[in-house]
1. What pairs come out if I take residues in segment A:126-154 that are within 10 Å of chain B (Cβ to nearest Cβ) and under 22 Å from A:ASP101 (Cβ atoms) and pair them with residues that are aromatic (Phe, Trp, Tyr) and not in a helix (DSSP H, G or I) whose C-beta lies under 9 Å away, six or more apart or interchain?
2. Would you mind stating whether A:THR42 is buried (at least 21 other Cβ atoms within 10 Å of the Cβ), of a type in the set (S, T, N, Q) and within 11 Å of another protein chain (Cβ to nearest Cβ)?
3. If you take just the helices (runs of 4 or more DSSP H) that sit entirely in segment B:1-87, which of them hold at least 1 residues that are on the phi < 0 side of the Ramachandran plot, charged (D, E, K, R) and at pLDDT 90 or above?
4. Do we have B:GLY222 as assigned to a loop (DSSP other than H, G, I, E, B) and either farther than 25 Å from A:ARG76 by Cα or not β-branched (Val, Ile, Thr) (or both) here?
5. When the residues of segment B:231-283 are narrowed to those that are among the basic types (Lys, Arg) and part of a strand (DSSP E or B), which ends up modelled with the highest pLDDT?
6. Among the residues of segment A:97-120, which ones are at the interface with chain B (Cβ under 9 Å from one of its Cβ atoms) and at pLDDT below 80?
7. Does segment A:109-125 hold any residues that are assigned to a loop (DSSP other than H, G, I, E, B) and touching a residue at least 60 places away in the same chain (Cβ under 8 Å), and which are they?
Amino acid sequence: MQDSYAGLSYEQAVQKYAHAVASACLMRTGSYADAEDCFQNTFLKLYTSSPLFKDEQHLKAWLLRVAINECRSALRTRGRLLPLEAAAGTPVFLDEDACADSFPAVLMLIKPKYREALYLHYCEDCPINEIAAILGKNINTVKTLLRRGREQIKELYGGEPDAQE
Amino acid sequence: MPKNEFDFSKHIKVPDEWIEKALAIPSSAPAQQHIRMSRRLVAAASVVLVLGLSIGLYFSFRNISVPPAVAPTPAAASTPTEPTLSPVVIVTVTPTVSAPTDLPPTDAQVTFPTLTPTQIPTLPQPTSLTEHPDEVTPSLPAAEPTEQPTQPAVQPTEANITSQTVYPTDEADADPDDVAYTEICHPLFVAPDPDEPYPLSVWEDLDDVYCCICDSSGRVVGDPDLYSADHRAVQVVSNDSVTLNYTAAIPRPDQSAAIASRRFTYRFYESDGTIIAAGQFTL
């Protein structure tokens, strides 16, 4: 096992990116149980595969890609049954401060493939080429996903969001 | 909407035990690594052993003389031992379709020449439509898309019927009038949106695509589970279009019956029930 992940130790990498990975897993799976498995598997892969990272941005992108792929695999294995948490109105993993029409709550209402792109773009500030690398899609497809996702968000909000592009 | 609304992780409650377990991975990983290395060594040793045995057997058999082949008797040559194979005709259908919002589907006549199918297992008789557990299912017979598409309209295509004769490798004992081997090729042509600054790759984002064929009474042909492997369709992507392919063995209807009863509808749909394309044909 390597001692350095883009200049960070394993423990430092976990502390620094735990929230980002956990958020991505919860965003994608919609349930604590599945998200926890994916969360642990992501860091297990980080430790066991020990890839070389150019910088921390590269490390973060790698973690998000692995996390999202783990979530997709978990959902595929579980089948198309919705967990009880995801079937509720506002996801239970969101804070009490997050009201039903907040962006995180609304994000959970749209399709997963749009949700992934919007989450990475707006919540993780990933550039489009990085989103394409994380999701394993080409850049034009990512732009289409973002466009459609924004349209769905607009419909849910009933107006124009003050989002920066 | 304020910028801080996008701080998704701020609203997330991440349990501390998740982080503690992740930090504990290094202490438990060495044992797993040791086991993994042992398995790799065993696998490598097995491969070497099999290769060695194969090489040894090869060289040992080279030294064994092979008796000449026995010539067939004249009586045997005149008596065919294999049944006569009959050709099977596979017809490719490219029906005329309209945009997904213009359902029900257009009427595309498909005529098949005389078919003699190969050994195709008998399909289970569907009893009813199986509803998708948590997603919208395509409603039949008049299907509605689950979301109104905002992408450019699909260009209609002209019906194009081609046929291909295929000689099967074996002949089944099944009744030749039992099933019709049907292949559906549905091209999707996407016109570029003048308002879209980027080239569209609308259909490249299709995940799993399925197809179901329903008879004139609306019953699904084949597996009633609309998302089973039997209904999995294939996407062929090229340059600016995608063709959806699906092949099914359909119980051949009674040819003396009314044409309406011999009409089948098909629908291509995504894993969430969104209908992508549809059409119909007659056997």
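1. Every condition considered, the pairs that remain are A:ARG147/B:TYR198.
2. Here the answer is yes, as A:THR42 does meet what is asked.
3. Qualifying helices (runs of 4 or more DSSP H): B:16-23.
4. The answer is yes for B:GLY222.
5. The extreme case among them is B:ARG267.
6. Of everything in segment A:97-120, those that are at the interface with chain B (Cβ under 9 Å from one of its Cβ atoms) and at pLDDT below 80 turn out to be A:ASP97, A:ALA98, A:SER102, A:PHE103, A:PRO104, A:ALA105.
7. A:GLU124
Quick grid of which residues meet (1) crowded, with 17+ Cβ neighbours inside 10 Å; (2) farther than 12 Å from B:TRP18 by Cβ:
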site	(1), (2)
A:LEU8	yes, yes
A:HIS19	no, no
A:CYS25	yes, no
A:THR29	yes, yes
A:TYR47	yes, yes
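The values are calculated or read from the model by the stated rules, or taken from the named source; none is laboratory data. Just so you know, these numbers come straight off a predicted model, no measurement behind them. All Cβ positions, glycine included, derive from the backbone under ideal geometry; neighbour counts span all protein chains shown.
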